[in-house]
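Rule-based calculations on the coordinates, nothing more; no lab input. Quantities reported herein were computed from a predicted structural model and do not represent experimental measurements. Note that we place each Cβ from the backbone using ideal geometry, even for glycine, and neighbour counts take in every protein chain shown.
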Amino acid sequence: MTVWAASKGLIGPAGAGVSSVTADAPLSVANGTTSPKISLTGTLPDASFPAILPAVSGANLTSLSASNLAGGTVPDARFPATLPSVSGANLTNLNASNLSSGTLPAARMPAVSGDVTSAAGSTSATVTRLQGVSVSATAPSSGQSLVYNGSAWTPTATGSGTVTSITAGTGLTAGALGTSGGSITGSGTLNLADSGVTANSYTNANITVDRHGRITAASSGSSGSTVTFQIVLLTASATITANSSTTHLLLNNQVGGPTGITVKLPATPSDGQVFQIVHFNCSASPAAYTIDGNGAYVIGSANGTTNPTYSATSTATRPQLIFVQSLNAWVILTLS
């Protein structure tokens, strides 16, 4: 009897009969002498496969378990329209910076410190400082302001002064410009009241000043007085007539004390005009001389208004006179 031993393939002579079948692992034979059935068991070694497997369609594969997927990407079509609820109870090391929407529950809020503070797990915050300076915990009242007292910000009453009205005094106005007086009870502006003087530039100004120091009247005046000197060398028995514009008649007395001297005052004086006679360069005291009003009276301590002349003594070295139009007289102010 011929016995065939099958290992990796069965090969026999043409027409020969098989009476018994045996096999080596991973093959096994059942009913080897009657109706042999060869089965493959175990795992084929990688060397038993070709380098490139042939294309195989999985169209008829059913009951596949996704839990056996070790790699690759599942297409969107394989996902259901509504994903099932998933518990994140066991998720750890989540990064909050990856959150793009939604609301964190209060329990997840951390504690905050600094000028603004809050407790962990709370959404309520409290301002305890401003720029690092403590804010008083005292609740403010209506109308109070937050004021820095040197160590903390505290509620403080403001605008509580006792002044309720201000009345404009002399020279001030609480109303429109150009008016005077008035009062302010809420808010307003104090202005200088008009003094009645026109704003202008004045020449040789004549001004009036009130007791508050305000200029209440102003006008341009005439130019200052002009001093005109007339110098005469004295000789005995001389008559000197002063020019109408002369203000100071200077008598050069260098020849001693000449006698018989007459001084005629200006013939056409103006009201208030001042005239002075000055003896100078005296080698001796001047003798007595006569002051002639030259058409006007001369009023002195010994004269009446009817006297047109005045007899001056030798001591009258600097007599000063002023013309008074209403009296038509020269009034002697000083003699020496």
Fill in: Net dipole in debye of the chain [+1 Lys, Arg Cβ; -1 Asp, Glu Cβ; about Cα centre; nearest 20]
320
Worksheet item: Taking K and R as +1 and D and E as -1, what net charge do the other residues with C-beta under 9 Å from the C-beta of Thr239 add up to?
Response: 0
Worksheet item: If you average the sequence gap of Cα pairs under 8 Å that are 6 or more apart and divide by the length of the chain, what percent do you get for the contact order?
Response: 6
Item to complete: Would you calculate the separation in nanometres between label points at Leu27 and Ser87, each defined as 7 Å from the Cα along the Cα-to-beta-carbon direction?
Response: 5.4
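For His248, His279, His212, which order do you get if you count the other beta carbons within 10 Å of each Cβ and list the fewest first? Walk me through the intermediate numbers first.
Working: His248 17, His279 22, His212 10.
Fewest to most other Cβ atoms nearby, the residues stand as His212, His248, His279.
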Worksheet item: Out of Ala96, Val278, Gly58, whose Cα points farthest toward the positive end of the dipole of the chain (charges: +1 Lys, Arg; -1 Asp, Glu; placed on Cβ)?
Response: Gly58
Worksheet item: Listed highest first by mean packing, meaning other Cβ atoms within 10 Å per residue, what order do 123-136, 314-327 come in?
Response: 314-327, 123-136
Discussion item. For the ranges 182-192, 196-206, what's the packing order if you count other beta-carbon atoms within 10 Å of each residue, average per peptide, and put the highest first?
Written reply: 182-192, 196-206
Worksheet item: Share of antiparallel DSSP beta bridges in the chain, in percent to the nearest 5?
Response: 60
Practice prompt. Would you mind putting 56-65, 262-271, 164-173 in packing order, based on average other-beta-carbon counts within 10 Å, highest first?
Written response: 262-271, 164-173, 56-65
Worksheet, complete the sentence: Placing +1 on each Lys and Arg Cβ and -1 on each Asp and Glu Cβ in the chain, then taking the dipole about the Cα centre, the residue among Pro269, Ser311, Ala70 whose Cα reaches farthest towards the positive end is Ala70
Item to complete: Would you mind ranking Tyr297, Tyr289 so that the residue whose beta carbon has the fewest other beta carbons within 10 Å leads the list?
Response: Tyr297, Tyr289
